[in-house]
Amino acid sequence: MMRKFTTVTGVAAPLLIDDVNTDLIIPIEHCVSTPRGQLGRVAFEAIRYRSDGSENPDFVLNQHAYRGAPILVAGANFGCGSSREPAVWALDQLGIRTIIARDFGDIFYANCLRNGLLPIALRAESYARLVAIGLDKKPVTLSVDLERCLITMQDGDSIAFDIEPARRHALLEGLDQLGETLLSLPDITAFQQQDRVKRPWVWQTVPATAESKKT
Amino acid sequence: MTERPQTLLDKLWSQHVIKQLSPAEDLIHVDRFFLHDLSGLIAIPDLRKRGLTMQSPALNFAVTDHAVSTAQGREHHVDAKSRRYVFEMRDLMREAGIRHFDIGDADQGIVHVIGPELGLTLPGTTFLCTDSHTCTHGALGALAWGVGQTDALHILATQTIVQGKPKSMRIRLDGALPSSVFAKDVILAVIGRFGAGAGVGYAVEFCGSAVQAMLMEERLTLCNMAVELGSRTGIIAPDSVTADFLHGRPYAPSGALWDSAVEAWRELHTDDDAAFDCELTMNLTELRPQVTWGTSVDQVQPIDGRVPDPDAAPEAKTRAAVAETLRYMDLQPHQVLEGLPVQHVFIGSCTNGRMSDLKIAADIVRGRTVAPGIRAWVVPGSSAVKRAAEREGLDRVFRDAGFDWRESGCSLCSAVNGDIVAPGERSISTTNRNFVGRQGPGSRTHLASPAVVAASALTGTITDPRKLNR
């Protein structure tokens with residue numbers, strides 16, 4: 001079972017920078033040397049801490065009002081770059097449950113969905129409306145409702161968002177994708193049997209000769 | 001009745017759909033899956049924990065490339081930090097029965113170098129790996145992209161992935177490349193022109209006279225950085241260059257199987273009049289060598305260009321971001337990159353670690369010496385590239401000039417193997433990412449072609465290869 005996502009209400013931390021890459025979210029050395037359960041404290045390390053190890057007060061999640069914020073509002077192409085899934089684990093451990101952005105790095109978006117985090121890609125006009133409420137000027141509380149696909153603001157006004165219905169369903173129910181796909185194993189085997197006839201060269205996966213002929 | 005014209009993406013996608021799961025998601029067959037030494041250590045234990053086995057063991061492969069040292073003699077002196085990534089990985093892959101291209105294996109190398117080199121990457125296949133630069137394999141007409149750890153487990157257990165079909169983008173590149181300008185300059189210029197997020201949600205097909213004229217290794221460089229445009233993958237329709245490249249490779253089909261494969265690959269092209277969701281074009285006849293100045297790949301300009309002025313940016317948000325980038329990179333507004341001193345020079349990676357890259361660099365280096373105080377490395381992209389280069393004496397050319405000639409691996413591109421650039425130091429590198437801390441915490445990276453990087457080694461500053469006198 002994956003953790004379910006239904007509704008999240010809380011302060012929205014603004015990180016309105018474009019092209020935030022997964023190297024910045026979690027540096028590679030922490031992917032190998034920091035235990036999986038302790039990634040939260042090193043998330044955004046390069047911009048979150050100063051060189052002496054103290055917190056950088058300019059970084060939004062270090063500020064009192066935004067500490068532990070369950071909602072992150074990002075810019076465009078958030079989570080671009082490396083496919084490292086620890087980037088999602090690290091954000092999750094920081095307490096972030098949903099990320100609202102213009103759009104996302106493709107692999108990062110998929111990794112969020114596989115871990116029960118809701119990535120919300122807003123259309124340009126909706127994104128502009130959200131930012132225009134001044135969430136980068138003062139702390140703003142938002143309510144994100146996946147059932148209704150709505151972001152509701154403090155004044156009651158709301159912004160609709162899109163998500164692929166099957167993904168929405170999986171998040172709402174906490175569905176484990178692998179468990180679902182395992183039910184389709186007979187279909188997979190049948191496809192493979194046909195494919196072996198149609199494209200036999202794909203299925204030859206041992207070298208034609210022991211010696212590398214060209215290299 | 002005429003059928004609707006199809007894009008190359010349409011054809012590649014539909015051939016792998018096992019079933020439609022929803023209007024926007026399909027269950028896609030994975031023809032080739034690669035684990036590396038970071039993901040393999042997690043994926044196999046994950047599989048065991050679930051009590052599952054591999055659905056199609058013969059379609060899965062593994063390689064040790066990311067976390068292993070590239071120092072000579074690495075098989076005998078494995079340092080404490082990388083022991084797991086060598087020994088535990090080796091044991092896990094043996095127990096799992098996965099073909100593992102381990103250090104010491106003649107076929108070891110960076111996954112995106114050895115896939116094509118061994119003929120494991122074939123046109124019309126889906127090729128997935130736990131690495132974002134898997135898009136490289138699209139150069140051969142494969143549908144290839146990177147996945148995370150959860151999807152790795154899904155693939156091992158079912159040989160499938162649940163995926164929405166990306167939108168289609170075509171980038172047409174026309175015109176002959178000027179001398180000293182290479183595929184690396186092309187892709188850097190494309191990303192600079194259209195932006196690091198221009199391809200989000202798309203699969204990009206590269207076409208045009210410049211692409212047709214490229215040899216396979218140049219195409220691999222081009223597609224390697226499709227992900228830096230934000231796109232899920234880059235693809236090039238297979239042609240005679242592709243077939244000639246693959247013919248006789250160890251894992252490529254042979255005999256009658258080869259003939260039927262080539263016949264099927266002829267269908268793998270975009271039909272006339274097929275519609276794309278987005279089309280872009282660029283003419284390359286005036287292209288100059290490119291160098292990045294910032295910490296996003298689209299922060300790039302011609303080598304003789306000037307670093308931007310944050311105050312010239314229209315939006316406050318951009319002004320702040322550019323100013324912060326210049327602070328990190330220790331650059332001034334309007335500064336010219338050419339002539340900027342560097343401490344590290346790196347030639348290698350899945351972008352530019354192939355034989356043609358080493359030849360370009362060697363031709364510039366031959367008979368000259370690396371500037372004093374510069375740490376200059378050549379890391380071949382695979383053990384086979386290393387052997388081929390040594391057969392041609394390129395190792396001597398580099399060594400005589402003062403370069404360190406190393407074993408194959410990701411080295412200073414993944415920087416998780418003991419190879420790093422010290423904080424505050426500046427590197428010019430043939431790799432694919434200039435992100436904050438990419439080559440080590442606090443490191444400053446400028447991306448460029450092997451020609452620019454080799455020329456820079458000789459002067460110790462960022463140097464235009466066209467200005468070196470022969």
Pair B:Asp404, B:Glu3: separation of 7 Å Cα→Cβ label points (nm)
5.4
Peptide-level mean, for A:83-89, of C-beta atoms on other protein chains within 10 Å:
6
Output for segment B:170-272: trypsin sites (Lys or Arg not before Pro) sitting in coil per DSSP, at most 13 other Cβ within 10 Å, listed by number, reads B:Arg266
Counting other Cβ atoms within 10 Å, which trypsin sites (Lys or Arg not before Pro) in segment A:106-137 have at most 14 and lie in a DSSP loop?
A:Arg123, A:Lys137
Give, rounded to the nearest 20 debye, the magnitude of the charge dipole that segment A:7-176 has about its Cα centre when Lys and Arg contribute +1 at Cβ and Asp and Glu contribute -1 at Cβ.
260
Rounded to whole Å, give me the distance from the Cα center of segment A:110-148 to that of segment B:413-470.
38
Find me the longest stretch of chain B that has none of the exposed GluC sites (Glu not before Pro), where exposed means in a DSSP loop (not H, G, I, E or B) with at most 15 other Cβ atoms within 10 Å.
B:76-266
Under a 10 Å cutoff between Cα atoms, tell me which one of A:Phe161, A:Phe59, A:Phe191 has the largest fluctuation in the Gaussian network model of chain A.
A:Phe191
Approximate spin-label separation B:Ser209-A:Asp176, in nm, with each point projected 7 Å along Cα-to-Cβ:
5.8
Is it possible to state the helix-based mean residue ellipticity at 222 nm for chain B, with each DSSP H run of 4+ residues giving -39500 (n - 2.57), the sum divided by total residues, to the nearest 500 deg cm²/dmol? What is it?
-8500 deg cm²/dmol
Would the protein assembly as shown count as rounded, prolate or oblate if I go by the C-alpha gyration tensor, calling it rounded below 1.5 in a/c and otherwise prolate when a/b exceeds b/c, oblate otherwise?
rounded
Longest span of chain A, sites excluded, free of GluC sites (Glu not before Pro) in DSSP loop with at most 13 other C-beta atoms within 10 Å?
A:1-146
Placing each pseudo-label 7 Å from Cα in the direction of the beta carbon, A:Leu185 and A:His169 end up separated by a distance in nanometres of 2.3
Would you check chain B for Lys pairs whose C-alpha atoms are within less than 14 Å, ignoring same-chain pairs closer than 8 in sequence, and give me the count?
4
Collect residues whose amide H, placed 1.01 Å from N in the peptide plane, falls under 5 Å from the amide H of B:Ile235; neighbours closer than 5 in sequence don't count.
B:Val204, B:Glu205, B:Phe206
Using alpha-carbon pairs under 8 Å, 6+ residues apart, how would you state the relative contact order of chain B in percent?
17
The relative contact order of segment A:7-176, taking Cα pairs under 8 Å that sit 6 or more residues apart, comes to a percentage of 26
Once you have the Cα-Cα distance between B:Arg172 and B:Asp304, take 0.36 nm times their residue separation minus that, and quote the gain in nm to one decimal.
44.9 nm
What translational diffusion coefficient, to the nearest whole µm²/s, does chain B have by Stokes-Einstein, given a Kirkwood radius computed over alpha-carbon pairs, a temperature of 25 °C and 0.890 mPa s viscosity?
108
Classify segment A:7-176 as rounded, prolate or oblate, taking a ≥ b ≥ c as the square roots of the eigenvalues of its Cα gyration tensor: rounded when a/c is under 1.5, otherwise prolate if a/b is larger than b/c and oblate if not.
oblate
Subtract the Cα-Cα distance of A:Asp155 and A:Arg129 from 0.36 nm times their separation in residues, and report this length gain in nm to one decimal.
8.0 nm
Cβ-based exposure ranking for B:Ile428, A:Ile163, in which fewest neighbours within 10 Å come first
A:Ile163, B:Ile428
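Each reported figure results from applying straightforward, stated rules to the coordinates on display, with no laboratory input. Bear in mind that the values here come from a model prediction, so they are computed numbers and not experimental data. Note that each Cβ is placed from the backbone with ideal geometry, even for glycine, and that neighbours are counted across all protein chains shown.
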